[in-house]
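In what follows, a structure is listed as structure tokens, so that the remarks can point back to it.
The values are calculated or read from the model by the stated rules, or taken from the named source; none is laboratory data. Keep in mind that this is a model prediction, so the values were computed, not measured. As a convention, Cβ positions derive from the backbone with ideal geometry for all residues, glycine included, and neighbour counts pool all protein chains shown.
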Amino acid sequence: MARLSVNIDHVATIRQARRTWEPDPVFAAAEAVAGGAHGITVHLREDRRHVQDADVERLRASLTVPLNLEMAPTAAMVAIALATRPETVMLVPEGRNEVTTEGGLDVFGLQERLRAVIDPLRGAGIPVSVFIDAEERQVAAAAQLGVAICEVHTGPYAHAFHDEGKLGPRATAALRDVQRTGDQIIAAGMRFNAGHALHLENVAPIARCPGVWELHIGHAIISRAVFVGLRAAVAEMRECCAD
């Protein structure tokens, strides 16, 4: 069964709507772990729109499962990662006007810039992941940079699934793209993760992709938690990943 890392950014989004102290993302992380999460993911954005530096520090000090820190590939973020030392760092593209991360990081087109970010992290013993679209050239570029993990962007699959209302022709084609890219990642000696826009109805086919190690899911779990609680929402997602 694929491992599940729960993204708790949206808990911080609710808190920041009132600029107050609740709901606490660190408590949310503990509830997610109690529900069966294998890891916790947070995205420390440059504009600090939801997760704050103090959240990352507190998570690092309290978590009993691996912390995956999503971040833009900048020198300032590298400094934070080196100080915090999460179990993994995932490099993602970041736009100030986007609601959430849209599309994969262009590892192929940004190799030299990314090398200056990846090398210090690798030198400190922090495994680096990159969030990529399902393209062979992105996988090859990641391998050349010594990346440990590639997370395949499942947005195209999820959007096709939604439009068709099921695993129809478009969603099936997008699923094959994810599977093919996962095979390429594994063949290149890297770990294959997947994530973006996955939910209870569409997650099982991705979880069944050969060799997928970990799924990163946030919005669907936090949305479901409004009605059933976070522990139950995580447990439900884990069951769907095992189907």
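Within segment 94-117, does at least one residue satisfy the condition of being of a type in the set (S, T, N, Q), closer than 16 Å to Gly195 by Cβ, modelled with pLDDT of 95 or more and assigned to a loop (DSSP other than H, G, I, E, B)? Checked segment 94-117: no residue is of a type in the set (S, T, N, Q), closer than 16 Å to Gly195 by Cβ, modelled with pLDDT of 95 or more and assigned to a loop (DSSP other than H, G, I, E, B).
Checked against (1) closer than 26 Å to Leu200 by Cβ; (2) touching a strand residue (DSSP E or B) at 6+ places or on another chain (Cβ under 6 Å); (3) surrounded by fewer than 20 Cβ atoms within 10 Å (Cβ to Cβ); (4) not aliphatic (A, V, I, L, M), Glu70 meets all criteria but (3). The listed residues are Val56, Val26, and the only one of them that is over 18 Å from Leu230 (Cα atoms) and at pLDDT 95 or above turns out to be Val56.
Consider Val89 carefully, then state whether it is touching an Asp or Glu at 6+ places or on another chain (Cβ under 9 Å), within 25 Å of Val107 (Cβ to Cβ) and in a loop (DSSP other than H, G, I, E, B). Criteria not met by Val89. Looking at Leu59, Leu63, just one residue is surrounded by 15 or more Cβ atoms within 10 Å (Cβ to Cβ), in contact with a Leu (Cβ under 6 Å, 6 or more places away or on another chain) and within 24 Å of Ala148 (Cβ to Cβ), and that residue is Leu59. Here Met77 fits the description: surrounded by fewer than 22 Cβ atoms within 10 Å (Cβ to Cβ), in contact with a strand residue (DSSP E or B) (Cβ under 7 Å, 6 or more places away or on another chain), on the phi < 0 side of the Ramachandran plot and not acidic (Asp, Glu). The set of residues in segment 1-15 being part of a helix (DSSP H, G or I) and either in contact with a strand residue (DSSP E or B) (Cβ under 8 Å, 6 or more places away or on another chain) or of a type in the set (Asp, Glu) (or both) consists of Asp9, Ala12.
Taking the criterion of being part of a helix (DSSP H, G or I), in contact (Cβ under 8 Å) with a residue 40 or more places away in the chain and within 17 Å of Ala220 (Cβ to Cβ), the residues of segment 137-167 that qualify are Gly155, Tyr157, Ala158, Phe161, His162.
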